[in-house]
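Read the structure below first, then the notes.
The values are calculated or read from the model by the stated rules, or taken from the named source; none is laboratory data. The structure presented is a predicted model; accordingly, all values stated were derived computationally and were not measured. Cβ: placed from backbone, ideal geometry, glycine included. Neighbour counts: every protein chain shown.
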Amino acid sequence: MLVLAGCGETSGDSGKRNRGADVQHNGSAATTTAQQAALWDPCALPETATDKTGLDASSKKTGIAGVDFTEAGWKVCSWRSEARWYTLAIMSGAPTLDEVKNRPDFTGFAPRSIDSREAVQYKSVGDTDGHKCGIAVELSQGVVLFDVQVRYSVGRQGDPCAEAERHASDLASYLPKS
């Protein structure tokens, strides 16, 4: 199961944005809506791009397990791979790359570069079988996570980290320019 959690904090009454929760300190709904609208939407990727990187277009789903995370400050879309042994979730949100690196549910961080952008590979804490791996790519809006999870009904047939990095590289040209 994949769980989305933001991280970040505000201090005092400065009105700084809590990037993980994607809300203003003052609770302004208009600001939150504007921030959500500014997020890059992975579901807007053209089918030609997802086909080319080996994703099954007919399996495209918004959110995770039927849950829409827009109100939580994330735009999420997922696809089953054409190889059928894993699912790729692409999640666009406001946290910074440093905030991703500080998440207590991620471990095994390794620096990466995706299309000249700073990125980091991560694994999930507790995933001793190596069934989950992701790449977080820095954007001006925050980050995009390319998260691969092995389909337990099929089993691991390759390296989830290699697949996450390949998809991030294949789709990097569709990410917003900094």
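Structure data summary
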read-out	value
Leading residue by the ranking (nearest to ASP170 (Cα to Cα)) among those in segment 120-144 that are without any contact (Cβ under 8 Å) to a residue 24 or more places away in the chain and out of contact with any Ser or Thr (no Cβ under 8 Å at 6 or more places or on another chain)	VAL120
Residue in segment 58-92 that is surrounded by the fewest Cβ atoms within 10 Å (Cβ to Cβ), counting only those that are among the small types (Gly, Ala, Ser) and at pLDDT 95 or above	SER58
Any hit, segment 150-166, residues being crowded, with 21+ Cβ neighbours inside 10 Å and assigned to a strand (DSSP E or B)	yes
